[in-house]
Amino acid sequence: MTAVTGPARLRLALVLLAIASGATDAFAFLLLGGIFTANMTGNLVLLGLYPRSAWLTTAAGAVTAIVFFAGAVYAGFRGTRARTSPTVDGRRPLRSIALVGVVLQLAVAAAWPTVQGGRSLLVDCAFIATSAAALGLQTVLAKRISGAAGLTTTFVTGTLTSLMQELAERSSGSRTLQALIVASLAGGAVVGAATVTLAPAWAPTPALVLSALAVVLLFAHRTRAVPAGAEPGAPRPA
């Protein structure tokens, strides 16, 4: 895998996004009916577990997550294609999807305390859809800013595979960052589970805060316009 180059804040932002993903999946799995809003592989497996009790409820949540995640990923990649104008700021599309993702997570965090207690399947699916869309946009953001390395922060099977391949072949790459992302996803799940246990009304908040911090790290600085035809990738130092 190609190494991730660029400022340290880019690498830190990827780690923060991975922690946020783990926290989000912990919240969704523990409080939204055992559904993942970042890990679509898990949801696809859940769809096949028809002997489980309440499988139809699980299937409804899993399908909702998959559809909204996939839709957000498609829209995100379409919206961040290479620009042709020599005057356009290539970061603007990335900044837009990053902000939309944070706003979606803010909506989840703001609405969640108001629905404690019994909730209908429709309400749960609304939370699942919003969270999955936010994580879909986060996936696009991570892949774009990591450039040719193509790292992801919402699922890490590929990252773990690349890490083991590079270790086995002793090839150059982004081993340290890959290992940090894998560990951060698990660490984020611990943070999310702890919040669910200690303060369930605030369960979506850690992911919101971490994602917002990552966006600030990525975009709170000046940059030059991206040349015509350039890929809108990682933020560039001022």
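Taken together, the values in this text are just the output of simple stated rules run on the coordinates, not laboratory data. Everything quoted here is computed from the prediction, not taken from an experiment. Note that we place each Cβ from the backbone using ideal geometry, even for glycine, and neighbour counts take in every protein chain shown.
With the Cα gyration tensor of the stretch 8-219 in hand, convert its eigenvalues to equivalent ellipsoid semi-axes via √(5λ) and list them largest first in whole Å. It would help to have the intermediate numbers written out before the result.
Numbers: eigenvalues 155, 82, 57 Å².
After diagonalising the Cα gyration tensor, the semi-axes are 28, 20, 17 Å.
Grab the Cα-Cα distance for residue 175 and residue 12, subtract it from 0.36 nm times how many residues apart they are, and report the gain in nm with one decimal.
On the way: separation 163, 0.36 × 163 = 58.68 nm, distance 1.44 nm.
So the chain would gain 57.2 nm between residue 175 and residue 12.
Roughly how many nanometres apart are two label points built 7 Å out from the Cα toward the Cβ at residue 202 and residue 47?
Modelled inter-label distance: 3.7 nm.
Quick one: compute a quarter of the convex hull surface over the Cα atoms of the stretch 46-167 and quote it in nm².
That works out to 10.4 nm².
Taking the Cα centre of the stretch 8-219 as origin and charging only Cβ (+1 Lys, Arg; -1 Asp, Glu), how large is the dipole, in debye to the nearest 20?
600 debye
Give the peptides 124-135, 12-23, 185-196 in descending order of average Cβ contacts within 10 Å, highest first. List each step's numbers first, then the result.
Numbers: 124-135: 25.2, 12-23: 27.8, 185-196: 19.5.
Listed from highest to lowest mean packing, they are 12-23, 124-135, 185-196.
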